[in-house]
Amino acid sequence: MAVKPVVICLSRSGQTTADKIAQSFGFAIHGRKTRVDRADVFFDNALDHIRDLFAAKTPVIGVCASGILIRAVAPLLNDKTAEPPVISVADNGATVVPLLGGHRGANRLAKQLAELLSGHAAVTTAGDVALGVALDEPPLGWRLANPENAKGVMAGLLSGGAPSIKGENIWGLDSNPNGTVTLVATQEMIKGNDTTLVYHPQKITLGVGCARNCDPQELWELVEKTFTDNNIALGCIAAIGSLDLKADEPAMNMLAERLGVPFRIFTADALEAFAGQLENPSEVVFAEVGCHGVSEAAALALGHTDASLKITKQKTKNATCALAISAEPITEFKGSSRGKLSIIGIGPGQASWRTPEASQLVAEAEVLVGYGLYIDLLGPLAYGKERSDFHLGAEEDRCRYALEQAAKGKNVALICSGDAGIYAMGALVFELMDRSADEMGVSAAAHRVEIKCTPGVSALQGAAARAGAPLGHDFCAISLSDLLTHREDIIKRLQAAAVGDFVIAFYNPVSKRRRTLLAEARDILLQHRPKDTPVMLARSLGRHDESIRYVALADLQVDDVDMMTVVLVGSSNSKLAQLGEGPRMYTPRGYARKIDGDLS
């Protein structure tokens, strides 16, 4: 499980059981407010809270009725291969039911919980019930080469008796040489089929090196040829390693992604510690990067202490690779991860407006960086994570800190409201990376981190949804803050938008010291559109103190808004309709003309 499970406790009757699970496994307790006495995180609505955790791919252990968990996650069920485990535990611990993710760790965890609580694990997966094993969930450190055949082989096994086992018996099953299905544990390149499952021990570590911007296909073909020539299955690879200077090398990252294994990096000093074990040490490489070899040293550095070179350095014009083997499968990885910075827009603040991808990236992050209020809006997703709060005005410090933390190999989430690419930190991150050292850029290590941008619901989208459909035709967004934009440029944009008759979303309309530009904007717009043009004032969208108001453009006053307000000004065609459910603002696209046959 990539993310540590959370224990949900909904009542005092389940408190003792929840405490025992949390203390034994080191899990956090999330408790229903006023219903439980002790919890790391408290929440108001159980269904919303559980649904939010599930969307973030967080495994859930609910000390509650199964039905509560089912109702919470049911709307999100669509892909069993990607869903996190969900386990229901009776208040007294007598019954443990893995509801989802049986073959993604839920069955195994349910059995561990049942043993801890002296209860019964109500596992219903056929293989677990009949044989005590799940053929598509091999032991840690082993990989199933043909999972697509697991269901058919399991069916054959259930109806045809004991399997024929070749190689190490990692399942603890009786073997029948004449069995109708076969389970093979091997390092060799054996192909499975409808009656044969092949498992590979992940004892091989792959060290790689390459010239800058090496063609990814060249590195892939070198690795593939090396394994094929030596009859070693690619599924035996536990991890890929290289020098930290290559952390951002596309060929290496694409290789790791293609193989589905971690990519780990080492300093030159760490690799040089293996100089005495190299078969192909190079003074040229030492002079270039500070160690006598990359691929062989990285392969050894990744392995257990007993690791030895199995295949010495193989090379092409621009790439090298080497293989080391350890006596046992590798389940913990040495070296460092390539740092990752996720630039996340969490929307206006309401959890239901936050995208599942944003929630998942937050859940996976080790470090949260952002304006304190925005991190607070994450609620339980922020629990247990290192956080660094920055005040408004410290935007460059915030982004620089996030990049440098990622440069240390950490998984960092930079939290922004709305969409991170709209008047937020996304552009500043890339600006810092684009600067030279003389221009107060960031470190060389920060330039090698992985950057992930994920969209969020912007304030203008949230406001438009609350209004109805004011963005139904052409629109634009203009910030009225002259802290970062020259005032004369803002005036030019206002005049152009007014002439163009765009619906306009005003961001940063006023502050304590900026009180004039909004009035100027109103006066400019009044030269080009009617006085009764509808204006929406949306404050604190998606939060408990949300408020929505409408005024006519001529009546718009500076004191009507603050920095938490989005101002949506309609075009000359925008309407404010008085409907049964209240006023709704919309901008016609022109479909009536089309219906009347007035369009060419």
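FYI, it's all coordinate maths here, none of it is from the lab. Worth saying up front: this structure is predicted, and the values here are computed from it rather than measured. Don't worry about glycine lacking a Cβ; one is built from the backbone with ideal geometry, like all the others, and counts go over all protein chains shown.
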Computed, not fitted: 222 nm per-residue ellipticity of the chain from DSSP H runs ≥ 4 (each -39500 (n - 2.57)), nearest 500, equal to -8500 deg cm²/dmol
Mind listing which GluC sites (Glu not before Pro) in region 518-588 are in a DSSP loop and have 11 or fewer other Cβ atoms within 10 Å? GLU581
Backbone N within region 166-197 under 19 Å of label point (7 Å from ASN230 Cα along the Cβ vector): 186-190
Diffing region 449-463: the Karplus 3J(HN,Hα) column from phi (6.51, -1.76, 1.60, θ = phi - 60°), in whole Hz with x for Gly and Pro, holds 6, 7, 10, 10, 10, 10, x, x, 6, 6, 4, 5, 5, x, 5
Neighbourhood net charge (11 Å Cβ-Cβ; Lys/Arg +1, Asp/Glu -1) for VAL567: +1
Quote to one decimal, in nm, the extra length available between GLU328 and ASP174 on full extension: 0.36 nm per residue of separation minus the C-alpha distance between them. 53.1 nm
According to a simple spin-label model (label point 7 Å from Cα along Cα-to-Cβ), what is the distance in nm between LYS385 and ASP306? 4.0 nm
A correct Karplus calculation of ³J(HN,Hα) over region 332-339, with 6.51 cos²θ - 1.76 cosθ + 1.60, θ = phi - 60°, whole Hz and x for Gly and Pro, returns 10, 10, 7, x, 10, 6, 5, x
Region 460-586: relative contact order in percent, alpha carbon pairs under 8 Å with at least 6 residues between: 31 percent
Of TYR371, PHE502, ILE548, which is farthest along the charge dipole of the chain in the positive direction, counting Lys and Arg as +1 and Asp and Glu as -1 at C-beta? ILE548
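Efficiency by 1/(1 + (r/R0)^6): what FRET value for MET564 and HIS447, r their Cβ-Cβ distance, R0 = 35 Å, to the nearest 0.05?
That pair, MET564 with HIS447, gives E of 0.45.
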In what sequence do ASP560, ASP229 fall when counting other Cβ within 10 Å, fewest first? ASP229, ASP560
List the extent of the Cα atoms of region 116-230 along each of their three principal axes, largest first, rounded to whole Å. 56, 40, 22
For SER88, residues with placed amide H under 5 Å, excluding near neighbours: GLY62, VAL97, LEU99
Would you work out the relative contact order for the chain, in percent, from Cα pairs under 8 angstrom that are 6 or more residues apart? 8 percent
May I ask you to order 319-329, 33-43 by the average number of other C-beta atoms within 10 Å around their residues, highest value first? 319-329, 33-43
Two-site label geometry, ASP79 and ASN45: point separation in nm, points 7 Å out along Cα→Cβ: 2.6 nm
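Kindly state, to the nearest 0.05, the FRET efficiency for ASN280 paired with LYS166, given R0 = 51 Å and r defined as their beta-carbon distance.
The computed FRET efficiency comes out at 0.90.
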What angle do you read, to the nearest 10 degrees and between 0 and 90, between the alpha-carbon axis of helix 15-25 and the longest principal axis of the chain? 60 degrees
Arranged by the count of other C-beta atoms within 10 angstrom, fewest first, what order do ILE21, ILE87 take? ILE21, ILE87
Does a label point 7 Å from the Cα of SER436, set along Cα-to-beta-carbon, have any residues of region 220-257 with amide nitrogen under 12 Å, and which are they? none
Karplus-derived 3J(HN,Hα), 6.51/-1.76/1.60, for each residue of region 307-322, Hz, glycine and proline x: 4, 9, 5, 9, 10, 6, 3, 10, 8, 10, 4, 10, 9, 9, 8, 8
Normalising by the residue count of region 96-198, find the relative contact order in percent from Cα pairs under 8 Å and 6+ residues apart. 21 percent
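Starting from 0.36 nm per residue, how many nanometres of slack lie between LYS4 and ALA554 once their C-alpha separation is accounted for?
Details: separation 550, 0.36 × 550 = 198.00 nm, distance 5.51 nm.
So the extension gain works out to 192.5 nm.
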Which of THR587, THR316, THR81 comes first, and how do the rest follow, when ranked by fewest Cβ neighbours within 10 Å? THR81, THR316, THR587
Can you give the FRET efficiency for ASP215 and LEU483, using 1/(1 + (r/R0)^6), R0 = 56 Å, r = Cβ-Cβ distance, to the nearest 0.05? 0.80
Name the shape class, rounded, prolate or oblate, that the alpha-carbon gyration tensor gives for region 204-336, where a ≥ b ≥ c are the square roots of its eigenvalues, rounded holds for a/c under 1.5, and otherwise prolate holds if a/b is larger than b/c and oblate otherwise. rounded
The summed charge of the SER352 Cβ neighbourhood (under 11 Å; Lys/Arg +1, Asp/Glu -1) stands at 0
Dipole check, region 139-277, charges on Cβ (K,R +1; D,E -1), about Cα centroid: among ALA238, SER159, GLY192 the Cα furthest to the positive pole belongs to SER159
Matching label, Cα extents along the principal axes in Å computed from the structure shown, candidates (i) 89, 55, 51; (ii) 94, 88, 45; (iii) 88, 65, 57: (iii)
